[in-house]
Amino acid sequence: MTTTLELRPLGNTGLKLSCVGFGASPLGNVFGPISEQDASACVREAFRLGINFFDTSPYYGGTLSEKVLGKALKALGVPRNEYIVSTKCGRYIEGFDFSAERVTRSIDESLERLQLNYVDILQCHDIEFGSLDQIVNETIPALQKLKEAGKIRFIGITGLPLGVFTYVLDRVPPGTVDVILSYCHYSVNDSTLEDLLPYLKSKGVGVISASPLSMGLLTECGPPEWHPASPELKAACQAAAAYCKEKGKNISKLSMQYSLSNKDISSVLVGMNSVRQVEENVAAAIELSTAGTDEIALAEIEDILKPVKNQTWPTGIQRS
Ligand code: NAD
């Protein structure tokens, strides 16, 4: 019987990521305040339970997430090759800048904050806010130089609209972009990433899917103030959460299991700001691999969410 967290290969990178990944945006107080001590306890518990993948960005909490994560990882006192770290470039609290000069400087700043000599993956952060041609012709070539310099091992791109991935991947030589990070598109309420998986597989690109709880929509507590979903989508998710609670089920557990069930996704990145959430999300993954999920409850949630299925929100530069 499997009692450890499953490791899944990430495209052609040779990396094996824990199927549950630690999204460190909460360490930048993005989902409410968290003390450095609690943040460190979350990272320690995550690592102890088999999570080996940690994702951050200079944008989260205006560099706070990177600093807190770096300190917590160092405090683990384990060899560097026992954990995988991804960070991002191009998106900052001050705004977007995907120029070669900025992203080249950015990695040095990130490495200093993270107290690391290299990161495993450096991703261009939310590329729909930049010029995709600049990403192809300037940013990614700059990241390739960082790869040669040994500061990063792999190159990734992130964004909300799925079309940005195909735009870039169709225009760079094979093997240039190793990884994509998609978010809010493989959750119970929106599973549109599924259609893109065969294409990504054919390109040998690793897939990370973030926000299985749709950035808080699929939780009992509900989303943060800043959540961009429509009132209709928020209400439907709230109704689904209330239904689960009434039935003695946990919407977050079922949602995690839904997202984890597709093995073409290497890691499901979830943001966690308490040891309890870390334990619950790991337990959800282990339960899925041993006993399976509660198909009936999941079908009931899907039914409640049917009117808003695959509803998303506008982001980035609006292109016609
Ligand atoms: P998420 O869907 O993982 O939801 C996080 C929220 O759910 C937080 O409020 C958290 O406290 C809560 N939560 C977690 N586990 C819970 C549980 N068991 N029960 C109840 N509530 C629980 O959204 P996210 O944090 O935005 O996404 C995860 C990570 O993915 C981020 O931290 C970040 O690393 C990454 N991400 C990247 C991008 C990008 O690159 N553009 C976008 C979104 C997310």
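We did not get these values from a lab; they are worked out from the coordinates using the rules stated. In this text, all values refer to a predicted model and were calculated from it rather than measured experimentally. Methodologically, a virtual Cβ is constructed for each residue, glycine included, from the backbone with ideal geometry; neighbour enumeration extends over all protein chains shown.
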(request) Write down the percent of antiparallel bridges among all DSSP beta bridges whose residues are both part of the chain, to the nearest 5. (result) 15 percent
(message) Less than 14 Å Cβ to Cβ from A149, Lys/Arg counted +1 and Asp/Glu -1: what total charge do the surrounding residues give?
(response) +3
(request) Using only alpha carbon pairs under 8 Å that are at least six residues apart, calculate the relative contact order of the chain and give it in whole percent. (result) 21 percent
(message) If I stretch the segment between Q134 and D303 completely, what's the gain in nm (0.36 nm per residue apart, minus their alpha carbon distance), one decimal?
(response) 56.6 nm
(message) Please rank S191, S40, S259, fewest neighbouring Cβ atoms within 10 Å first, as an exposure proxy.
(response) S191, S40, S259
(message) Please report the antiparallel percentage of the DSSP beta bridges confined to the stretch 45-174, to the nearest 5.
(response) 15 percent
(message) I want to verify a result. In a Gaussian network model of the chain, Cα cutoff 10 Å, which of these has the top mean-square fluctuation: H227, H185, H125?
(response) H227
(request) Enumerate the lysines that K253 could reach by cross-link, defined here as Cα to Cα under 22 Å, with residues fewer than 8 away along the same chain left out. (result) K234, K245, K263, K306, K309
(request) Using only the alpha-carbon atoms of the stretch 155-262, report the extent along each of the three principal axes, biggest first, to the nearest angstrom. (result) 51, 27, 20
(request) Using a 10 angstrom cutoff on alpha carbons, build the Gaussian network for the chain and name the most mobile of E279, E36, E148. (result) E148
(request) Normalise the Cα radius of gyration of the stretch 192-320 by 2.2 N^0.38 Å (N = residues in it) and let me know the number. (result) 1.09
(request) Based on a Kirkwood Rh over C-alpha pairs, give the Stokes-Einstein translational diffusion coefficient of the stretch 7-308 at 20 °C and viscosity 1.002 mPa s in µm²/s. (result) 111 µm²/s
(request) Give the order of D55, D133 when sorted by the count of other beta carbons within 10 angstrom, beginning with the fewest. (result) D133, D55
(message) Taking the 0 to 90 degree range and rounding to the nearest ten, how far is the long axis of helix 251-260 tilted relative to the main principal axis of the chain, both from C-alpha atoms?
(response) 50 degrees
(message) What distance in nm separates the two pseudo spin-label positions at R276 and T192, each 7 Å out from Cα along the beta-carbon direction?
(response) 3.4 nm
(request) Please go through the residue pairs K71/K147; K88/K147; K88/K151 and name each one whose alpha carbons sit more than 18 Å apart in this structure. (result) K71/K147
(message) With unit charges on the beta carbons (Lys and Arg positive, Asp and Glu negative) and the dipole taken about the Cα centre of the stretch 7-308, which residue among L111, V168, P198 sits farthest to the positive side?
(response) L111
(request) Mind pulling the angle between the C-alpha long axis of helix 36-48 and the longest principal axis of the chain? Nearest 10 degrees, somewhere in 0 to 90. (result) 80 degrees
(message) Using Cα springs under 10 Å in a Gaussian network model of the chain, which residue among I304, I140, I251 shows the largest mean-square fluctuation?
(response) I304
(request) Report the calculated FRET efficiency for T3 and S230 (r = Cβ-Cβ distance, R0 = 35 Å), to the nearest 0.05. (result) 0.30
(message) Using a 10 Å cut-off around each Cβ, can you sort S106, S267 from fewest to most neighbouring Cβ atoms?
(response) S106, S267
(request) Quick one: check the C-alpha center-to-center distance for the stretch 264-286 versus the stretch 99-159, whole angstrom. (result) 26 Å
(request) Can you tell me the 0 to 90 degree angle between the C-alpha axis of helix 100-114 and the longest principal axis of the chain, rounded to 10? (result) 60 degrees
